[in-house]
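S.K.: Would you mind keeping the following structure in view while I ask a few things?
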Amino acid sequence: MTSRDRSKPMELAAGCRAVLAAWRPPDEDQERLRTAYLDHLRRHPDGWSRDCVGEHLTASSMIISPERDRVLLTLHRKLGRWLQTGGHIETADPDLGSAALREAAEESGLAELTLGPVLRLSRHEVPCGPVRPAYHLDVQYLITADPAQPPVVSSESTDVQWFSLDRLPAIDRTVRELIAAARRC
């Protein structure tokens, strides 16, 4: 292992802290989450990695059309729910935004994606790893894409579709909040 390989996790941790430190939350609840995420990263140098048992950062994105009238959602294979794209941060990811962009491309099959800013944070329980309960500390980005691009179902989904905002499938409150944040951006 080279010294570059050993320093990569430290660079990712520092990059995650920098993104969260610079982000300005829209409300007090989001500020509480931002502070909790930063505290987690201070306590756990590997807090960005799935190897951090119990809870770890993840990167997701709401993919929205440039006109802000359509969103792309994926029907998650394990959870059976319509969600935004996203997942674990990998050591090969240059930074948190790149992780969100990689996950969006992998889970949507879309080739032309434009990364935008962080929209929201979401801490949620997941069936992940050997310890229960386990939590994802999700950093949720905006990504824009042309809805003329046909999505491709990945191994993590049973379906991937563009939806007009007046014809959304059954989604939970957190996905509705993320869509609202993407429309405002």
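S.K.: Quickly estimate the mean residue ellipticity at 222 nm for the chain, helices only: each DSSP H run with n ≥ 4 gives -39500 (n - 2.57), and the total goes over all residues, rounded to 500.
M.R.: -11000 deg cm²/dmol
S.K.: Still on this structure, I have one more. Calculate, for the chain, the solvent-accessible area per residue in square angstrom, rolling a 1.4 angstrom probe over the heavy atoms of the protein chains.
M.R.: Working: 9310 Å² over 185 residues.
In whole numbers, the chain has 50 Å² accessible per residue.
S.K.: So how strong a dipole does the chain carry about its Cα centre when Lys and Arg Cβ are +1 and Asp and Glu Cβ are -1, to the nearest 20 debye? Intermediate values should be presented prior to the final figure.
M.R.: Values: 24 positive and 27 negative charges, 66 e Å.
It comes to approximately 320 debye.
S.K.: Let me ask something additional. If you consider only alpha-carbon coordinates, what radius of gyration and Dmax does the range 1-155 have, in Å?
M.R.: In order Rg, Dmax, the Cα atoms of the range 1-155 give 15.5, 47 Å.
S.K.: In whole Å, what are the extents of the range 69-129 along the principal axes defined by its C-alpha atoms, from largest to smallest?
M.R.: Principal-axis extents of the range 69-129 (Cα, largest first): 32, 27, 22 Å.
S.K.: Say the dipole of the range 6-45 comes from +1 at the beta carbon of Lys and Arg and -1 at that of Asp and Glu; which of 12, 30, 41 then lies farthest toward its positive end?
M.R.: After comparing all options, I get 12.
S.K.: Continuing with this model, one more query. What order do 78, 8 take when sorted by accessible area (1.4 Å probe), most exposed first?
M.R.: Largest to smallest exposure gives the sequence 78, 8.
S.K.: Nearest 20 debye, what's the magnitude of the dipole of the range 21-130 about its Cα centre given +1 on Lys and Arg Cβ and -1 on Asp and Glu Cβ?
M.R.: Charge dipole, the range 21-130, about its Cα centre: 220 debye, nearest 20.
S.K.: Along the three principal axes, how long is the range 1-73 when you take its alpha carbons, biggest first, rounded to the nearest angstrom?
M.R.: Projected onto the principal axes, the Cα atoms of the range 1-73 cover 47, 29, 24 Å.
S.K.: Now for a separate question. Which value, in Å² rounded to 10, gives the accessible area of residue 114 with a 1.4 Å probe and all protein chains present?
M.R.: 80
S.K.: Relative contact order for the chain: what is it in percent, counting Cα pairs under 8 Å that are at least 6 residues apart?
M.R.: 25
S.K.: Let me ask something else about it. Once the dipole of the chain is set up with Lys and Arg at +1 and Asp and Glu at -1 on Cβ about the Cα centre, which of 109, 180, 160 lies farthest towards its positive end?
M.R.: 180
S.K.: Report the net charge of residues surrounding residue 165, where surrounding means a beta-carbon distance below 10 angstrom and charges are Lys +1, Arg +1, Asp -1, Glu -1.
M.R.: Spelling it out: positives minus negatives among the neighbours equals +2.
S.K.: Also, quick follow-up: What part of the accessible area of the range 1-97, given as a whole %, is carbon or sulfur when the probe is 1.4 angstrom?
M.R.: Here carbon and sulfur together make up 54 percent of the probe-accessible area.
S.K.: Measure nothing but the geometry: give the 0 to 90° angle between the long axis through the Cα atoms of 96-108 and the longest principal axis through the Cα atoms of the chain, rounded to 10°.
M.R.: Value to nearest ten degrees: 40.
The values are calculated or read from the model by the stated rules, or taken from the named source; none is laboratory data. Small disclaimer: the values here were computed from a predicted structure and weren't measured. Don't worry about glycine lacking a Cβ; one is built from the backbone with ideal geometry, like all the others, and counts go over all protein chains shown. For the accessible areas, the whole protein counts, side chains as well, though only heavy atoms, and no ligand, DNA or RNA atoms are used. Shrake-Rupley method; radii C 1.70, N 1.55, O 1.52, S 1.80 Å.
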